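Engineer: Handing you a structure now.
The values are calculated or read from the model by the stated rules, or taken from the named source; none is laboratory data. This one's a predicted model, so the numbers in the text were calculated from it and none came from an experiment. Backbone-built Cβ (ideal geometry, glycine too); neighbour counts: all protein chains shown. Just the protein is used for accessible areas: all its heavy atoms, side chains included, with ligands, DNA and RNA removed. Shrake-Rupley method; radii C 1.70, N 1.55, O 1.52, S 1.80 Å.
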Amino acid sequence: MVVKPKIRGFICTNAHPQGCAAHVQEQIAYVKAQGPIANGPKNVLVIGASTGYGLASRITAAFGAGAKTLGIFFEKEGSERKTASAGWYNTAAFQQAADEAGLWSKNINGDAFSDEIKAKTVETIKAEMGKVDLVIYSLASPRRTDPKTGEVYSSTLKPIGGDITTKNLNTSKREIDEVTVEAANEDEIANTVKVMGGEDWELWIEALKEADVLADNFKTSAYTYIGKELTWPIYGHATIGKAKEDLDRATAAIKESTAALNGEAYVSSLNAVVTQASSAIPIMPLYISALFKVMKADGTYEGTIEQINALFRENLYGETPRFDEGGHLFQNYKELEDDVQARVQHIWDTVKTDTIDELTDYVGYHNEFLRLFGFGIDEIDYEQDVNPDVAINNLI
């Protein structure tokens, strides 16, 4: 079948298998070009391994450090008549590249919040990896089923303390307008923390510790975005911000529970980039489009693979890791420079519908969005028939 992008609102409902594969290969080539990571990880578990920062983490560990990787994800496979999700194609391409490079790599597809997937993961590590020395937690899900109670919790993207009305880039209409988001109630705040906070990260580490599959001196990191004044109303001082704060609580709990292993737990603060998750957050398309304009002009723009590659080399396995005031590994320092933020603020204040292309890099934002789903890749002929039914090797 011929596969063209089907965009509805802030999501793309299909994906291109060859385009996704090419996008993965680009990221692999970037990491390999940087050379080996000194003293990098050897056995790596990536929870949320199929897209965005999780996929970049798996690529960096495997092709930068030669690590064995076990990837956990929840993706939809394709058929002769329907494409798979982008994460399915990404993983199929990663696995093929790992096989060709002689790297051990296996995959588990299922609900990472469940006890079943945790048990299957532990079983696989025991049988084939021994112990893991790095655990990356990079889940992005709108809902979570509590494995103990069976209750389903849904997250919301709302401010706290009052409604907000703010400037917005309407990606469907390609115009600047305003969006009003009502304030969250206490249940919505609590539910968002339950889905996106640190509880499941803790449960994963506890399950791995109890099964004795964590190596001495292991490291674990969850990822966060903090931002500054422009994004605080809907990101920082909001439901998702409360959830991210809970990662700090979980960090301390994990350090305490794994003290006998001398474990290291971090929250890593990363750049605002185009991901399937960030595209759904009001404010972010306009903010990221303005940020791209400024950072590309400065030559400091970094996408997901550049950020994670630098995180591994400079911070997780660097000799002099950089921390922000909150104690997070500080990888988004270039974005948060005062001069960068001031110029982004100026664009925000002055941009109108007829100056979107002049003042922002919305074209770059949109292209990055398409690339998430395997579209807009130069070397792919999108008029050609492709088979959407692609298998993932080493799928447990």
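Engineer: For A29, all conditions in the list (1) open to solvent by less than 10 Å² (accessible area, probe 1.4 Å); (2) over 26 Å from G263 (Cβ atoms); (3) among the aliphatic types (A, V, I, L, M) hold save one; what is the number of the exception?
Structural biologist: (1)
Engineer: Given (1) outside any loop (DSSP other than H, G, I, E, B); (2) under 17 Å from the mean Cα position of the chain (by Cα), identify the lone condition not met by A49.
Structural biologist: (1)
Engineer: Then there's this: Among the numbered criteria (1) outside any strand (DSSP E or B); (2) acidic (D, E); (3) within 30 Å of G130 (Cβ to Cβ), which one does D187 miss?
Structural biologist: (3)
Engineer: Among the residues of region 286-303, are any in a loop (DSSP other than H, G, I, E, B) and either buried (at least 20 other Cβ atoms within 10 Å of the Cβ) or in contact with a Cys (Cβ under 6 Å, 6 or more places away or on another chain) (or both)?
Structural biologist: No, region 286-303 contains no residue that is in a loop (DSSP other than H, G, I, E, B) and either buried (at least 20 other Cβ atoms within 10 Å of the Cβ) or in contact with a Cys (Cβ under 6 Å, 6 or more places away or on another chain) (or both).
Engineer: Going by what's in this entry, would G19 be described as within 25 Å of H366 (Cα to Cα) and small (G, A, S)?
Structural biologist: Numbers: within 25 Å of H366 (Cα to Cα): yes; small (G, A, S): yes.
Spelling it out, G19 is indeed within 25 Å of H366 (Cα to Cα) and small (G, A, S).
Engineer: Follow-up question, since we're still on this one. All but one of (1) part of a helix (DSSP H, G or I); (2) in contact with a Pro (Cβ under 8 Å, 6 or more places away or on another chain); (3) of a type outside the set (D, E, K, R) hold for A22; which doesn't?
Structural biologist: In the conditions (1) part of a helix (DSSP H, G or I); (2) in contact with a Pro (Cβ under 8 Å, 6 or more places away or on another chain); (3) of a type outside the set (D, E, K, R), A22 misses (2) alone.
Engineer: Return a yes/no flag: does region 355-371 have any residue that is small (G, A, S) and either under 30 Å from K106 (Cβ atoms) or without any contact (Cβ under 8 Å) to a residue 24 or more places away in the chain (or both). Write out each step before concluding.
Structural biologist: Initially, region 355-371 is screened for residues small (G, A, S), giving 364.
Of the ones still in play, those that are also either under 30 Å from K106 (Cβ atoms) or without any contact (Cβ under 8 Å) to a residue 24 or more places away in the chain (or both) are none.
Checking region 355-371: not a single residue is small (G, A, S) and either under 30 Å from K106 (Cβ atoms) or without any contact (Cβ under 8 Å) to a residue 24 or more places away in the chain (or both).
Engineer: Of the residues that make up region 326-345, is at least one open to solvent by 30 Å² or more (accessible area, probe 1.4 Å) and among the aromatic types (F, W, Y)? Write out each step before concluding.
Structural biologist: Restricting attention to region 326-345, the residues satisfying the condition of being open to solvent by 30 Å² or more (accessible area, probe 1.4 Å) are 326-327, 330, 333-334, 337-339, 342-343, 345.
So of that shortlist, the ones also among the aromatic types (F, W, Y) come out as 330, 333.
There is at least one residue in region 326-345 that is open to solvent by 30 Å² or more (accessible area, probe 1.4 Å) and among the aromatic types (F, W, Y).
Engineer: Sticking with this structure for a sec: Report yes if I392 is within 28 Å of W88 (Cα to Cα), at pLDDT 95 or above, surrounded by 17 or more Cβ atoms within 10 Å (Cβ to Cβ) and touching an Asp or Glu at 6+ places or on another chain (Cβ under 9 Å), otherwise no. Full working, then the answer.
Structural biologist: Values: within 28 Å of W88 (Cα to Cα): yes; at pLDDT 95 or above: yes; surrounded by 17 or more Cβ atoms within 10 Å (Cβ to Cβ): yes; touching an Asp or Glu at 6+ places or on another chain (Cβ under 9 Å): yes.
Considered against the rule, which asks whether it is within 28 Å of W88 (Cα to Cα), at pLDDT 95 or above, surrounded by 17 or more Cβ atoms within 10 Å (Cβ to Cβ) and touching an Asp or Glu at 6+ places or on another chain (Cβ under 9 Å), I392 comes out as yes.
Engineer: Now a separate question. Output yes when any residue across region 360-368 is surrounded by fewer than 12 Cβ atoms within 10 Å (Cβ to Cβ) and not hydrophobic (A, V, I, L, M, F, W, C), and no when none is. Outline the logic, then answer.
Structural biologist: Here is the first cut: in region 360-368, the residues surrounded by fewer than 12 Cβ atoms within 10 Å (Cβ to Cβ) are none.
Checked against the condition, which is being surrounded by fewer than 12 Cβ atoms within 10 Å (Cβ to Cβ) and not hydrophobic (A, V, I, L, M, F, W, C), region 360-368 yields no hits at all.
Engineer: Got a sec? Which of G52, G48, G87 is of a type outside the set (D, E, K, R), closer than 23 Å to T224 by Cα and modelled with pLDDT under 95? Steps first, please.
Structural biologist: Details: G48 fails: modelled with pLDDT under 95; G87 fails: modelled with pLDDT under 95.
Only one candidate passes the filter, namely G52.
Engineer: Hey, can you tell me all the residues within region 190-220 that are aliphatic (A, V, I, L, M) and assigned to a helix (DSSP H, G or I)? First the steps, then the outcome.
Structural biologist: Residues of region 190-220 aliphatic (A, V, I, L, M): 190, 193, 195-196, 203, 205, 207-208, 211, 213-215.
Within region 190-220, A190, V193, V195, M196, L203, I205, A207, L208 qualify.
Engineer: Still on this model: When you look at I240, is it of a type in the set (A, V, I, L, M, F, W, C), part of a helix (DSSP H, G or I) and buried (at least 19 other Cβ atoms within 10 Å of the Cβ), yes or no? Write out each step before concluding.
Structural biologist: Details: of a type in the set (A, V, I, L, M, F, W, C): yes; part of a helix (DSSP H, G or I): yes; buried (at least 19 other Cβ atoms within 10 Å of the Cβ): yes.
The answer is yes for I240.
Engineer: When only residues in region 1-19 that are of a type in the set (V, I, T) and not in a loop (DSSP other than H, G, I, E, B) count, which is most open to solvent (accessible area, probe 1.4 Å)? Spell out the reasoning first.
Structural biologist: Within region 1-19, the subset of a type in the set (V, I, T) is 2-3, 7, 11, 13.
With the extra rule that they be not in a loop (DSSP other than H, G, I, E, B), the set shrinks to 7, 11.
Values: I7: 81, I11: 62 Å².
Applying the filter and picking the extreme gives I7.
Engineer: Still on this structure, please answer the following. Do any residues in region 183-201 that are closer than 16 Å to A140 by Cβ and in contact (Cβ under 8 Å) with a residue 24 or more places away in the chain have Cβ atoms under 6 Å from those of residues that are part of a helix (DSSP H, G or I) and of a type outside the set (D, E, K, R), where the two are at least six apart or on different chains, and which pairs are they?
Structural biologist: These pairs meet every condition: T192/T239; T192/A243; V193/A243; M196/A243; G197/A243; G198/L247; G198/A250; W201/A250.
Engineer: Which of the residues belonging to region 98-113 are over 20 Å from P142 (Cα atoms) and open to solvent by 10 Å² or more (accessible area, probe 1.4 Å)?
Structural biologist: Scanning region 98-113 gives D99, E100, A101, G102, L103, W104, K106.
Engineer: Please go through region 127-145 and give me each residue that is surrounded by 16 or more Cβ atoms within 10 Å (Cβ to Cβ) and within 17 Å of I117 (Cβ to Cβ), ordered by number. Quick ask: steps written out before the conclusion?
Structural biologist: Here is the first cut: in region 127-145, the ones surrounded by 16 or more Cβ atoms within 10 Å (Cβ to Cβ) are 129, 131-141, 144.
Correct list: M129, V132, V135, I136, Y137, S138, L139, A140, S141, R144.
Engineer: Now, a different point. For region 296-347, what are the residues that are without any contact (Cβ under 8 Å) to a residue 40 or more places away in the chain, in contact with a helix residue (DSSP H, G or I) (Cβ under 6 Å, 6 or more places away or on another chain) and farther than 16 Å from K219 by Cβ?
Structural biologist: Y301, the sole residue that qualifies.
Engineer: Given (1) surrounded by fewer than 20 Cβ atoms within 10 Å (Cβ to Cβ); (2) part of a helix (DSSP H, G or I); (3) hydroxyl-bearing (S, T, Y), identify the lone condition not met by T320.
Structural biologist: Of (1) surrounded by fewer than 20 Cβ atoms within 10 Å (Cβ to Cβ); (2) part of a helix (DSSP H, G or I); (3) hydroxyl-bearing (S, T, Y), only one is false for T320: (2).
Engineer: Cβ-Cβ below 8 Å, separation at least six or inter-chain, first residue in region 237-254 and within 15 Å of D200 (Cβ to Cβ), second part of a strand (DSSP E or B) and open to solvent by 30 Å² or more (accessible area, probe 1.4 Å): which pairs?
Structural biologist: So the pair list comes out as T251/Y266.
Engineer: Oh, and also: Of the residues G71, G87, which single one is open to solvent by less than 40 Å² (accessible area, probe 1.4 Å), small (G, A, S) and touching a helix residue (DSSP H, G or I) at 6+ places or on another chain (Cβ under 7 Å)?
Structural biologist: Working: G87 fails: touching a helix residue (DSSP H, G or I) at 6+ places or on another chain (Cβ under 7 Å).
It is G71.
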